[in-house]
1. If you check Asp213, Asp147, which single one turns out to be over 27 Å from Gln497 (Cα atoms), in contact with a Lys or Arg (Cβ under 9 Å, 6 or more places away or on another chain) and among the charged types (D, E, K, R)?
2. Given (1) surrounded by fewer than 16 Cβ atoms within 10 Å (Cβ to Cβ); (2) under 27 Å from Asp272 (Cβ atoms), where does Thr376 come up short, assuming only one miss?
3. Could you list, in sequence order, all residues of region 361-376 that are under 14 Å from Phe411 (Cβ atoms) and either among the polar types (S, T, N, Q) or out of contact with any strand residue (DSSP E or B) (no Cβ under 9 Å at 6 or more places or on another chain) (or both)?
4. Please work out if Asp358 is over 27 Å from Tyr439 (Cβ atoms), touching a strand residue (DSSP E or B) at 6+ places or on another chain (Cβ under 9 Å) and charged (D, E, K, R).
5. Filter region 123-148 for residues that are more than 17 Å from Gly62 (Cβ to Cβ) and of a type outside the set (D, E, K, R) and give the result.
6. Do we have any residue at all in region 404-420 that's outside the structural domain of Pro258 (by TED's automatic domain parsing), assigned to a strand (DSSP E or B) and out of contact with any helix residue (DSSP H, G or I) (no Cβ under 9 Å at 6 or more places or on another chain)?
7. Just to be sure before I move on: is His317 part of a helix (DSSP H, G or I) and touching a strand residue (DSSP E or B) at 6+ places or on another chain (Cβ under 8 Å) in the structure I sent?
8. Considering every residue within region 377-391, establish whether at least one is in the same structural domain as Lys323 (by TED's automatic domain parsing), assigned to a strand (DSSP E or B) and in contact (Cβ under 8 Å) with a residue 40 or more places away in the chain.
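The values are calculated or read from the model by the stated rules, or taken from the named source; none is laboratory data. What you see is a predicted model, and the numbers here were worked out from it, not measured in a lab. Note that we place each Cβ from the backbone using ideal geometry, even for glycine, and neighbour counts take in every protein chain shown.
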Amino acid sequence: MIIDILAHRRADVQLNFSLVFALTDLNRSRLAAWIGLFLSTEFPRMSLDYTGANNGLFTHLGKYVKYFNQFSDEANDGTTGLDAVRKAILDALNAGAQFVAVQGLSSDFEGWKVSVADQRGTLMSYALKRLQDPASVLRQIDAATNDQNEILRCVFQQMLTDSQTIQESSVSIGSVSAGSGNIGDGKVFTTDILDGISSPGARSGITYPSMYDYAGLKTELALPSESMTLECTQADEAAEFSWKGEYPDPLGPYGLGPEGSGEIGTVREIHDTTESILTNPDFEDFTTANVPDGWDIVAGSAGTEIFENTNLADVSHGLKSLKYTATGGASIEISQSISASSLTGKQRYLVSAQILADSGISSGTFLIQFEGTGYTAGSTEKIEIASASLPTAFDTNAFFVTMPASIPSDFKLVIRWSGTPTSGKSVYIDDLGIAPVTYGGGIGLGIVRGPTLFGLGDRFTFSVSNTEGVFQQAFREMFGIQLPSSSSPTISDTLAQ
């Protein structure tokens, strides 16, 4: 008797074989024992083939990417592309006054551009089909469904596990320029670091998915070149700004360019949400003399080193500020416990403060940072100023911080002046701010008011550029994500060229 066992699946291993046994009690019992042993054996999961000649995922995706780009390159070619050919024909016939002969020609060329965009979109859909293959991708990456975002998230995680990378892209954010007619003296702070909670942006109808593993990574999702504009549309203590990129491709996400983020959205000045995280952030409330409400004195004494300041010349916002005065002690410090429920792990925040100091301070260091068990602030995740460099007029200082995945139960914000500051000298702190970063166009930013509030029409501009790797650009254009990358990738862009 022939017993066929076909396509038996055990731990993602497919086996096709035939066993021939004589139908006897002995052989039947042997077969049962063998099958029992086989079913109780754990087989290793097959690994994802990235670059194999016949079955490599990126070997295959590279073909789609190559022609996805080639369709655009050929249509945009300066000599043989659609616009160049149309111009050559129109110039020749219009010179001979053959206007009737070229009627409708321009609209036909525009229609051909739409066709190219459709072809690029179709190639994207086939690339997605390759990613959705159950036998060679989904089981290897532990995808729960064939949903696009689920697959992309799992591919990202699997590449991290397997130490696989593609050629990195390099994003640059230019300096922010304030409009010459601005009323307010606040600032815009930008960041090229992603977090694990926020969508990095959107482009021509494609929303870039958030990804937990993005937290702390440099963005590679900006457009090749884009000018950004922020304009105040609501002027109050927590002003509102519109954020705009450049005009998007009218042919959609797979058009022939140039690309643009278009209307990105609204950005609120960070004090809009500050009081949901901090108590008494602007030091207006002192129920007990010289002890700011909501804050604990850690070092120094109320009324000796720590004061409620009401001299308006030393106030940035409101009617009061916090004053530290050195008396020869090692340090002065207050702190405020932060509820873990008021913050989101892996989310990026902007923290700001207005700081002013007496002149002639020669020793000590001023510091604002978060502290907690198991958490250490990074070198850029704090305000840290040598006392000799403290500003003598109110200045907006700020830092970005990505919260740890698990917020410590003893998490706190500290304001510390240490290193035995110069005796008799004072530092004034006012108008603390904190809010989640707003993302758009592949980058993040926050807006902070200054001593003079923003006015309607206040504007800020800056530019963003991105020198892209071939695969990284394709995944941004096709799917709105970035993959693990390096300057020495394991997956070469030559697979897509």
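1. Values: Asp147 fails: in contact with a Lys or Arg (Cβ under 9 Å, 6 or more places away or on another chain).
That would be Asp213, the only listed residue that is over 27 Å from Gln497 (Cα atoms), in contact with a Lys or Arg (Cβ under 9 Å, 6 or more places away or on another chain) and among the charged types (D, E, K, R).
2. Here Thr376 clears every test but (2).
3. Going residue by residue through region 361-376, those that are under 14 Å from Phe411 (Cβ atoms) are 369-376.
Result: Gln369, Thr373, Gly374, Tyr375, Thr376.
4. Working: over 27 Å from Tyr439 (Cβ atoms): yes; touching a strand residue (DSSP E or B) at 6+ places or on another chain (Cβ under 9 Å): yes; charged (D, E, K, R): yes.
Spelling it out, Asp358 is indeed over 27 Å from Tyr439 (Cβ atoms), touching a strand residue (DSSP E or B) at 6+ places or on another chain (Cβ under 9 Å) and charged (D, E, K, R).
5. Gln132, Pro134, Ala135, Leu138, Gln140, Ile141, Ala143, Ala144, Thr145, Asn146, Gln148
6. Just the residues of region 404-420 that are outside the structural domain of Pro258 (by TED's automatic domain parsing), to begin with: none.
Within region 404-420, not a single residue is outside the structural domain of Pro258 (by TED's automatic domain parsing), assigned to a strand (DSSP E or B) and out of contact with any helix residue (DSSP H, G or I) (no Cβ under 9 Å at 6 or more places or on another chain).
7. Values: part of a helix (DSSP H, G or I): no; touching a strand residue (DSSP E or B) at 6+ places or on another chain (Cβ under 8 Å): yes.
Against the criterion (part of a helix (DSSP H, G or I) and touching a strand residue (DSSP E or B) at 6+ places or on another chain (Cβ under 8 Å)), His317 does not qualify.
8. Going through region 377-391, the residues in the same structural domain as Lys323 (by TED's automatic domain parsing) turn out to be 377-391.
When the remaining residues are screened for being assigned to a strand (DSSP E or B), the result is 383-386.
Imposing the further condition that a residue be in contact (Cβ under 8 Å) with a residue 40 or more places away in the chain reduces the set to none.
No, region 377-391 contains no residue that is in the same structural domain as Lys323 (by TED's automatic domain parsing), assigned to a strand (DSSP E or B) and in contact (Cβ under 8 Å) with a residue 40 or more places away in the chain.
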